[in-house]
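J.: Pasting a structure here, questions to come.
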Amino acid sequence: MEEATRPLLAWVAGIEEFTGLESYPTRVAEAAANLVEAGLTVRAVSRALADANDALTVRLLGLAEVRLGPPPCPYVWLILGSGGRREEALHSDQDNAVAYAEAGAGSYFAALADLTVAGLAEAGLPRCPGGYVATRWRYPLAEWERKFRGWVQVPEAQALVEAEVLLDFRPIHGELSAAPLDRILRSGGDRPRLEVQMARAAVTFDPPLGLFGRIRTRHSRLDLKRAGIAGIVLLARFYALAAGSTVRPTEERLAAAADGGTLSRHSAGRLVAAYRLLAELRLREQIRQFRIGGPPTNYIRLESLSVEQRRALTDALRVVRDLQQVTARNYHTDAVS
């Protein structure tokens, strides 16, 4: 793996300005294709992509600190969403946030966020359409703690919509510890109201299965993320947190849920298998799209799959649907809050 990613990481290490970054997506896609051809698992490839994005972000933060001067207080840069889980694909935007120690340092970190977020966008990592970027999500650590306590102790449906991406935070740069936020999350794992609200979120993305379990598509295309990947991510996050675990990667969350007894080992194993299949189909399709000169997307055409692949895909989506239905029944997600 190091051999395939070494040229990419060397290029990142050599960045000296916030310009000339537009070749990054091509370099990343080439590295991903080489890793797949070398026989690496999708999980390993996704983590390699996350490592590359981390290295790019840290490099840009270093350049921003040189331009702005030393930070006035300790801070921590957080990666959110799929990056926080180290489950990157080729169709990823940037999700990030920043926490800092002193409330009066906001103007510095506003400028730091502006430079870094713009640099990442220049490098082909567009700003999250939902606005989960550090130009908006930047607060003193004490304010972050207040927000996390609100999500855990008085969970409201709309607030948890915002929290979903932020709950996957992972620190990658800075001297400030984000451990207080993890402690707050662990304290809320057994709160019934939080569980119900997170269970509702976990059953939001219905797999597109129609009559007789057939896959419904739009213009013969299936969005693999919305169809199944997002549902598995949400289920894993919910059941792991209910077990008191704050691990981030989806497969590790499912293992933690099984260990903690919130999810049976059989169900956890089926979800892991479904997740791996969906992630592999997406990554291979994204590499194919890159090679023919198109932008990588989350979509796949069913006619491009073999009969066996379509059958396996249908089975994977049924696994997601079945556990969503069990979750909805067990946690009464249709009840009025």
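J.: What number of residues in the range 290-312 are surrounded by 14 or more Cβ atoms within 10 Å (Cβ to Cβ), in contact (Cβ under 8 Å) with a residue 60 or more places away in the chain and not aromatic (F, W, Y)?
T.: The total comes to 6.
Yes/no matrix, rows are residues, columns are (1) of a type outside the set (V, I, T); (2) part of a helix (DSSP H, G or I):
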site	(1), (2)
A113	yes, yes
V117	no, yes
L120	yes, yes
P129	yes, no
Y132	yes, no
R136	yes, no
W144	yes, yes
L160	yes, yes
E164	yes, yes
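J.: Anything in the range 264-290 that is of a type outside the set (S, T, Y) and either outside any helix (DSSP H, G or I) or over 18 Å from V42 (Cα atoms) (or both)? List them, or say none.
T.: Correct list: R265, H266, A268.
J.: Condition (residue is buried (at least 18 other Cβ atoms within 10 Å of the Cβ), under 20 Å from the mean Cα position of the chain (by Cα) and not in a strand (DSSP E or B)) applied to the range 1-23: is it met by at least one residue?
T.: No, there is no match, as no residue in the range 1-23 is buried (at least 18 other Cβ atoms within 10 Å of the Cβ), under 20 Å from the mean Cα position of the chain (by Cα) and not in a strand (DSSP E or B).
J.: For R138, state whether it is basic (K, R), touching a helix residue (DSSP H, G or I) at 6+ places or on another chain (Cβ under 6 Å) and either more than 24 Å from G106 (Cα to Cα) or without any contact (Cβ under 8 Å) to a residue 60 or more places away in the chain (or both).
T.: Yes, satisfied.
J.: Assigned to a helix (DSSP H, G or I), in the same structural domain as V326 (by TED's automatic domain parsing) and basic (K, R): is that true of R237 in this structure?
T.: Yes, satisfied.
J.: Something else about it: Filter the range 191-230 for residues that are among the aromatic types (F, W, Y) and closer than 24 Å to S92 by Cβ and give the result.
T.: F205
J.: Follow-up question, since we're still on this one. Residue by residue through the range 215-227, note down the ones that are basic (K, R) and either in the same structural domain as Y100 (by TED's automatic domain parsing) or under 19 Å from the mean Cα position of the chain (by Cα) (or both).
T.: Listed by number, the residues that qualify are K225, R226.
J.: State which residue is surrounded by the most Cβ atoms within 10 Å (Cβ to Cβ) when the search covers only the range 34-72 and only residues that are touching a residue at least 60 places away in the same chain (Cβ under 8 Å) and in contact with a His (Cβ under 9 Å, 6 or more places away or on another chain).
T.: Checking each candidate, the answer is T57.
J.: Quick one: would you say F212 is of a type in the set (F, W, Y), more than 15 Å from the chain's Cα centre (by Cα) and more than 24 Å from V326 (Cβ to Cβ)?
T.: So F212 does not fit the description; no.
The values are calculated or read from the model by the stated rules, or taken from the named source; none is laboratory data. The structure displayed is predicted, hence computed values, not measured ones. In this analysis, Cβ positions are derived from the backbone assuming ideal geometry, glycine residues included, and neighbour counts consider all displayed protein chains.
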